[in-house]
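Here the structure comes first, spelled out in structure tokens, and everything after it is commentary.
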2 protein chains.
Amino acid sequence: MNDEKFMREALREAVAAGADKEVPIGGVVVCGGRIIARAHNLTERLTDVTAHAEIQLIGMAAEAIGGKYLNDCTLYVTVEPCPMCAAALAWAQLGRLVYGAPDPKRGYTLFSPSLLHPRTEVTSGVLASDCSALMTEFFKNQR
Amino acid sequence: MNDEKFMREALREAVAAGADKEVPIGGVVVCGGRIIARAHNLTERLTDVTAHAEIQLIGMAAEAIGGKYLNDCTLYVTVEPCPMCAAALAWAQLGRLVYGAPDPKRGYTLFSPSLLHPRTEVTSGVLASDCSALMTEFFKNQR
């Protein structure tokens with residue numbers, strides 16, 4: 001139930017991204033039961049292909065906890081991370097990853113599940129249909 | 001010869017990183033024969049595991065050319081990119097990647113060469129021994 005609660009917060013971020021004409025992906029980082037970072041995709045606004053939600057969350061969470069490593073944190077993100085983000089989460093030694101919808105075109109699991117840190121626990125499929133519907137809707141409206 | 005010239009500039013960045021107690025990896029981005037971005041690893045200073053030279057170079061180069069994609073750019077970096085950076089360079093649609101030393105522990109080729117964009121041309125081994133010596137020296141001094 002907590003996973004769904006936090007995924008709803010990630011979804012709020014994703015909706016905010018979509019409203020800004022960004023690909024609607026959002027996330028939060030939770031540590032000790034508390035949200036310490038929230039962000040969404042900003043690749044358009046920042047004109048930066050690396051400005052995915054996860055990359056920003058890593059920086060914000062590190063700042064919040066005053067250290068580089070996220071071993072005790074859970075990162076919630078609405079869509080399966082891409083290989084860049086998975087490998088970034090590996091450098092961050094993320095404790096637990098929870099994602100909603102799979103990304104059958106660009107998801108890290110297409111490349112290698114081992115892009116993540118070997119100790120990162122993974123849960124997928126939380127509110128997957130809501131997460132996925134946001135993406136489908138966004139790309140339908142773009143055409 | 002131009003590759004060596006630009007790799008020497010990347011090496012200058014790497015030396016500057018080492019002087020700041022950062023893992024000594026540096027790089028430059030070249031477009032139209034001109035350096036449009038130069039950066040080195042800043043993971044310690046920024047307390048951010050994603051602050052690799054390449055990630056910063058992507059942002060700086062995009063700003064310099066006023067667009068997100070680096071199709072007409074060559075990125076020089078002293079050490080083989082990690083999977084995070086390779087996948088970031090794929091999002092950036094980098095035209096050409098030139099790196100010096102291989103990274104047999106964390107290099108992207110260990111995971112999958114296809115982490116890069118399919119159209120990115122790759123040259124490796126430019127001034128490899130200089131690039132590698134900087135790393136060896138750095139980690140020797142840390143112990």
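The table for this structure:
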quantity	calculated
Unmet requirement for B:GLY26, which otherwise passes all of (1) surrounded by 16 or more Cβ atoms within 10 Å (Cβ to Cβ); (2) within 19 Å of B:VAL122 (Cβ to Cβ); (3) touching a residue at least 60 places away in the same chain (Cβ under 8 Å)	(3)
Residues being in contact with a Ser or Thr (Cβ under 8 Å, 6 or more places away or on another chain) and more than 25 Å from A:LYS68 (Cβ to Cβ) - total across segment A:89-108	3
Selection count, segment A:20-59, where residues are in a strand (DSSP E or B) and either in contact with a Ser or Thr (Cβ under 8 Å, 6 or more places away or on another chain) or among the acidic types (Asp, Glu) (or both)	5
Search result, residues across segment B:66-82 that are hydrophobic (A, V, I, L, M, F, W, C), more than 10 Å from chain A (Cβ to nearest Cβ) and either closer than 13 Å to B:GLY26 by Cα or not in a strand (DSSP E or B) (or both)	B:LEU75, B:VAL77, B:VAL79
Residues being polar (S, T, N, Q) and assigned to a helix (DSSP H, G or I) - total across segment A:112-143	6
Residue list for segment B:48-104, filter: crowded, with 24+ Cβ neighbours inside 10 Å and among the polar types (S, T, N, Q)	B:THR50, B:THR78
Residue that is nearest to the chain's Cα centre (by Cα), among those in segment A:83-99 that are without any contact (Cβ under 8 Å) to a residue 40 or more places away in the chain and more than 13 Å from chain B (Cβ to nearest Cβ)	A:TYR99
Residue in segment A:103-111 that is away from chain B (no Cβ under 14 Å), modelled with pLDDT under 95 and not in a strand (DSSP E or B) present	yes
Residue selected from segment B:45-65 under the condition among the charged types (D, E, K, R) and more than 25 Å from B:ASN2 (Cα to Cα), by the criterion nearest to the other protein chains (Cβ to nearest Cβ)	B:ASP48
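The values are calculated or read from the model by the stated rules, or taken from the named source; none is laboratory data. Predicted model, so just to flag it, every value in this text is computed and none were measured. All Cβ positions, even for glycine, are placed from backbone atoms using ideal geometry, and neighbour counts span all protein chains on display.
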